Amino acid sequence: MSDVRIRNGKKYSVKVIASTDQSKFISDRDAEMDARAAQAVKSAVAKARFCKKPVAKYDAVTKKAYVEYPGGAKRYVE
């Protein structure tokens, strides 16, 4: 499945790969790097929560970014 997007007059092509087809397109080294990057993000978010700092997130339903504060309050970014 390919998704073509246009931004600032330039065309960008993004290929979305299902997890079942991942081994056909991504090498083992790239898959390991992706896993490490995902773990680093989880660790950074956990550290921010522990230190009571706000965390930026994305709401897939409304397709908007927001900041979640330690008290649970959400503020959508314009």
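No lab work stands behind these numbers, since they all come straight from the coordinates. Small disclaimer: the values here were computed from a predicted structure and weren't measured. Methodologically, a virtual Cβ is constructed for each residue, glycine included, from the backbone with ideal geometry; neighbour enumeration extends over all protein chains shown.
Which of the residues that make up segment 38-67 are among the charged types (D, E, K, R) and in contact with a helix residue (DSSP H, G or I) (Cβ under 9 Å, 6 or more places away or on another chain)? Don't jump to the end; show me each part of the working.
Our first condition is that a residue be among the charged types (D, E, K, R); within segment 38-67, this holds for 42, 47, 49, 52-53, 57, 59, 63-64.
Answer for segment 38-67, where residues must be among the charged types (D, E, K, R) and in contact with a helix residue (DSSP H, G or I) (Cβ under 9 Å, 6 or more places away or on another chain): 53, 57.
Within segment 21-47, if we keep just the residues that are small (Gly, Ala, Ser) and more than 15 Å from the chain's Cα centre (by Cα), the residue that is nearest to residue 57 (Cα to Cα) turns out to be 46. Note on segment 23-67: residues that are within 20 Å of residue 77 (Cα to Cα) and either surrounded by 10 or more Cβ atoms within 10 Å (Cβ to Cβ) or out of contact with any Pro (no Cβ under 8 Å at 6 or more places or on another chain) (or both) amount to 18.
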